[in-house]
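K.L.:
The structure is given below, and queries will be raised subsequently.
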Amino acid sequence: MRWLATVADSPELATQITENIENVTQQISKTQEYLDKYLPVAIGFGLRLLLTVLLFLVGSRLIKLVRKIVRRSMERAGADVGVTQFMDSLIRVLLYFLLVMFLADGIGVDTTSVMALVGSAGLTIGLAFQGSLSNFAGGVLILLIKPFKVGDYIIYTSANLEGKVTKIEMFYTTLLTVDNKKVVIPNGTLSNSSLINVTAEEKRRIDIVVGIGYTANLKLAKEVCLRLLEEQPAVMQDQDNMVVVDDLADSAVNLKICCWVSAEDYWSTRWELIEKIKLAFDEDGIEIPFNQLDVNLKQ
């Protein structure tokens, strides 16, 4: 009751309180007005955004289903694995682009204007993404000419890279090296460069050059090498395997051992033959020359 008496005795205080009450009332009115005006819009936008997210998740599932159906259809039709992978990546990009445009239209984005803008800026986009377009064209060229396919072992001579082809996608080709490294090479670079397809044929020839001393028994060395070729199970005995004198070098007579094996047995057979040749030459006393340096000290 004391504060009422104080207000009654002080007209200025009463006026200030009245003004504060009016200001609070105005703020409440403005807040109510903003809520009435913008809250429905915010709620509507939030609902559209939530619906867009749900549609995106559903669309992603449908895209995966379509890709799975296309892959199975191409596999049943006997299509090449590289063609299947390329078409799968192309379908993925196209379907996701259509899904994004559909969802953008659903939340109020003018897709017509967006497409017109993209069309008018086509030259700029083409220049900006000329590398990607080159890789896409390179992928198409690889699938048409077929210098290699998924599963082949290739050597990319320009960069001294080699490995087994595991994927041929829309923009990149993936190799897996013998030491289990993943190498990704742009299709445009591969299509414009020299490469060696090691497994294009079912068999490969192993060439091993071994030097023996000029005083060593040449006939015995050749007989030892021929015997090792006959005893090696991976060597194709019905092929033209041979041991010949390849060169009379400065400090050695170079023998060239040639034999045929299946492409998948190439490295293992080559390494095993080199070891066996060294051990056999040691047993038979056949000298393999190596660089030596003689130092004479004069007092």
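The values are calculated or read from the model by the stated rules, or taken from the named source; none is laboratory data. Please read these numbers as outputs of a predicted model, since none were measured by experiment. When we count neighbours, we look across all protein chains shown, and the Cβ atoms used for this are built from the backbone with ideal geometry, even at glycine. To get the accessible areas, we keep the full protein, side chains included, count just its heavy atoms, and leave off ligands, DNA and RNA. Shrake-Rupley method; radii C 1.70, N 1.55, O 1.52, S 1.80 Å.
K.L.:
Across segment 98-153, which residue is nearest to Thr174 (Cα to Cα) among those that are modelled with pLDDT of 80 or more, among the hydrophobic types (A, V, I, L, M, F, W, C) and not in a helix (DSSP H, G or I)?
P.N.:
Val150
K.L.:
Does Lys182 meet the test of being surrounded by fewer than 17 Cβ atoms within 10 Å (Cβ to Cβ) and closer than 27 Å to Leu279 by Cβ?
P.N.:
no
K.L.:
Take the residues of segment 186-195 that are open to solvent by less than 20 Å² (accessible area, probe 1.4 Å) and not polar (S, T, N, Q): which is nearest to Thr166 (Cα to Cα)?
P.N.:
Leu190
K.L.:
Looking at Gly163, is it free of Cβ contacts under 8 Å to residues at least 60 places away in the same chain, within 27 Å of Ile257 (Cα to Cα) and in contact with a Ser or Thr (Cβ under 7 Å, 6 or more places away or on another chain)?
P.N.:
yes
K.L.:
Here's another thing I want to ask about it. Taking segment 51-90 as the search range and keeping residues that are loosely packed, with under 14 Cβ neighbours inside 10 Å and charged (D, E, K, R), which one is farthest from Ala104 (Cα to Cα)?
P.N.:
Once the filter is applied, the top-ranked residue is Arg76.
K.L.:
Wholly within segment 196-299, which strands (runs of 3 or more DSSP E) include no fewer than the required count, namely at least 1 residues that are free of Cβ contacts under 8 Å to residues at least 24 places away in the same chain, of a type outside the set (Asp, Glu) and loosely packed, with under 11 Cβ neighbours inside 10 Å?
P.N.:
Ranges flagged: 242-248.
K.L.:
Of everything in segment 172-183 that's out of contact with any Lys or Arg (no Cβ under 9 Å at 6 or more places or on another chain) and assigned to a strand (DSSP E or B), which residue is farthest from Leu141 (Cα to Cα)?
P.N.:
Taking the candidates together, the pick is Lys182.
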